[in-house]
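Let me begin by presenting the structure, written as structure tokens, before commenting on it.
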Amino acid sequence: MAETRKWVEPDPKRENWFWPTDELRERAWAADPKIYEEAAADPLAFWAKRAEEISWFRRWDKVYEEEPYAFRWFLGGKLNLSYNSLDRHVEAGRGDKVALIWEPEPPDEPNRILTYKELLAEVSRLANALKSLGVKKGDRVGIYLPMIPEAIVAMQAVVRIGAVHSVVFSAFSAEALRDRMLDCEAKVLITADGYYRRGKLVSLKPNADKGIAGTKVEKVIVVRRAGNEVPWNEGRDIWYHEITKDQPAECPPEEMDAEDLAFILYTSGTTGKPKGVMHTTGGYAVQAYTTCKWDFNLHEDDVHWCTADVGWITGHTYINYGPLMNGVTTVVYEGSPDYPDYGRMWATIQKHKVTVYYTAPTAIRMHVKWGEDWPKKYDLSSLRVLGTVGEPINEEAWLWYFKHIGGERCPIIDTWWQTETGATCVEALPGIGPFIPTVAGRPFPGIRAKILDAGGQPVPPGEGGYLVLEPPFPPSLLRGLWGDPEKYKATYFGEYGPRYYFTRDGARMDEVGNIRITGRVDDVMNVAGHRLATAEVEDALTQHPLVSEVAVVSRPDEVKGEVPIAFALLKAGAQPSDELKRELIKTVDQHIGPTARPAEIYFVEDLPKTRSGKIMRRVLKALVRGEPVGDVTTLRNPESVDHLKELVGYEG
Ligand code: PRX
């Protein structure tokens, strides 16, 4: 890469640019940057080549087809996700390889270890059990399970018979479960008695019962995990171990069309009703397989640990389908990162000789707070590649992760993607780099992205705008929203029309194509007649050297229509002051202009966040507007809301 080219930010001196080590380059699936140009010249050929690496019952006739608001990959191809995850490894003689290591939360409980052969048998038994309950191709099956091997078994069993899973995060409320089960009209639910979290037994079954009341769920399969007493509905509820016990350990995989629906996953939706994101079989399989292999440089000896929950897309793609399709060992951890102490994650890496560790910036920031003495106690030398996902990572957390976890040897692959994209789309590749804190990287080979302004014109390198994806659309991009084609069009193609998938993220790109994501732009304000995204103001404020994180929401204003209100979290050691407020206003003036000046800046100690680390702007908005704050139980830190109420003088 030419050293002369201009990089606009965040680090013009490139003090913090990192490059792959020789060892990484040697092992890499992609080590030559030419791959980007090659793939860009013929993305269909690039993806077709990748598709050849997975197993098809019937080869596709046509790679890609598109019409306004609809596109299809690998037309006429037939395959099965579960066959690709399991059977093909067993058939290749790798049946005794460890597929899954389960780390239960109680430290003295033994691990459960399943080889590919054992996992295939278990999946087949459950698949046959589902068939015995009348589940057929296309039927929806709800999965409301904690982080236990059966969560993976359940997803695999459902897709094996051509049914469609909809996984609901086990810490979601009964109401959240009900909304989703009602919307997708699930026929069967797979759940568990309970699980362990922070040393406590959490009972799940009563929630499941409440969640399916009034839905079309006819049968409930219950996994015995924790052994706690559960309410029982005779005739409806069936123990997992009983229904699977006498089932044959073979179940032929359904031959799915590449465009057959594989699963529905509801997004955490910050407003209104959750949206059922639909993923189909072929494109999803190919992109999940390829990105998992290339992003993390997967080889035969890799032990892959993604710390997400199976309730999120990250868990679907990078705990289950991605690693298993690649035939590596995937680690599933049941519990909390601070149990029995702050060293749990590092102890687990040491114990299972984990080579790939993939987690969220929020989690890293928590570890930063707990201190580097914890990882220092453990041998982390097995690690080769680190990953992050889900939100922009700040430089401090990035550097800490790089130094204290990766031993300055492991690249950090900052992967940008969404529930909707199904698999990663923007990231630096481990054999190519560069790895730059706060910068995700280039679009994955074969994926086209642009940054547009509000009017749909591409912005010059280095300038902020809106991230869009261009045709051919990524193979694993969503094909629709369950039961709501109009919302699908409006949400993703409303702003820029059918030629661009709108990610609803703000971003900037350098001349080579490295992308820095600045955050969601869903909250658009109209300030004195100017269209302005709250994320743009946030972007400006975070450029001040003392600001660590910031959230901006709008408040109605008699004169200007709306005005931005900022909540700023300062870096360690920085002191709030009126002088600093004035400086921040100046920063906004500089980056956007006086119209974007926040009417108020609050210095806060914590921002309300979802469990996946996203700031809940809805809560902040309600606070500044004096409106009801609503349900905050799904927050990671509900206590932050009380503090904020005091700060803003909330009287709602
Ligand atoms: O705003 C982007 C942010 O997370 C959003 C997608 O959220 P979700 O569908 O819950 O999926 C999260 C896991 C894939 C995006 O629109 N996001 C995701 N990854 C990154 C990110 N923001 C910055 N950097 C990332 N690496």
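Against the main long axis of the alpha-carbon atoms of the chain, helix 281-296 sits at an angle near 60°.
Sketch the reach of a paramagnetic label on Arg499 as a point 7 Å from Cα along Cα-to-Cβ, and name the residues of segment 425-468 whose backbone nitrogen lies under 12 Å away. Answer for segment 425-468: 456-458.
Distance between the 7 Å Cα→Cβ label points at Lys216 and Tyr69: 2.3 nm. With equal scatterers on the alpha carbons only and no solvent term, can you work out the Debye log10 of I(q)/I(0) for segment 279-387 at 0.12, 0.17, 0.20 1/Å? So the normalised log intensities work out to -0.41, -0.79, -1.05. Computed across segment 136-240, the Kirkwood hydrodynamic radius from all distinct Cα-Cα pairs reaches 13.5 Å. Computed per residue of the chain from DSSP H runs no shorter than four, each worth -39500 (n - 2.57), the mean residue ellipticity at 222 nm is -7500 deg cm²/dmol. Short-range pairs are left out: with C-alpha atoms under 8 Å and at least six residues apart, the relative contact order of the chain is 12 percent.
The mean sequence distance of close C-alpha pairs (under 8 Å, at least 6 residues apart), as a share of the length of segment 138-276, puts its relative contact order at 27 percent.
Quick note on the chain: its Rg to Rh ratio, both from C-alpha atoms and Rh being the Kirkwood radius, is 0.95. To the nearest ten degrees, helix 578-591 and the longest principal axis of the Cα atoms of the chain are 80 degrees apart.
Full extension of the chain between Trp29 and Lys376 gives 121.8 nm of extra length, using 0.36 nm per residue less the Cα-Cα distance. For segment 449-518, relative contact order (Cα pairs under 8 Å, six or more residues apart, normalised by length) works out to 35 percent.
Summarising the overall dimensions of segment 396-528 from its C-alpha atoms, the Rg and Dmax are 16.0, 50 angstrom. With Cα atoms as the point set, the radius of gyration and Dmax of segment 449-518 evaluate to 12.6, 40 Å.
Amide H contacts for Val547 (H built 1.01 Å from N in the peptide plane; partners 5 or more residues away or on another chain; cut-off under 5 Å): Lys571.
Calculate how many DSSP beta bridges within the chain are antiparallel, expressed in % of all such bridges and rounded to the nearest 5.
60 percent
Just to check, using Stokes-Einstein with a Kirkwood Rh over alpha carbon pairs, what's the diffusion coefficient of segment 32-336 at 4 °C and 1.567 mPa s in µm²/s?
66 µm²/s
Accessible area per residue for the chain is 38 Å², calculated with a 1.4 Å probe on protein heavy atoms, without ligands, DNA or RNA. Legend: calculated FRET efficiency, Thr633 to Asn228, from the Cβ-Cβ distance at R0 = 22 Å, rounded to 0.05, equals 0.55.
The values are calculated or read from the model by the stated rules, or taken from the named source; none is laboratory data. Keep in mind it's a predicted model, so treat the numbers as computed, not measured. Cβ: placed from backbone, ideal geometry, glycine included. Neighbour counts: every protein chain shown. Just so you know, the surface numbers come from the protein's heavy atoms only, side chains and all, with ligands and any DNA or RNA stripped out. Shrake-Rupley method; radii C 1.70, N 1.55, O 1.52, S 1.80 Å.
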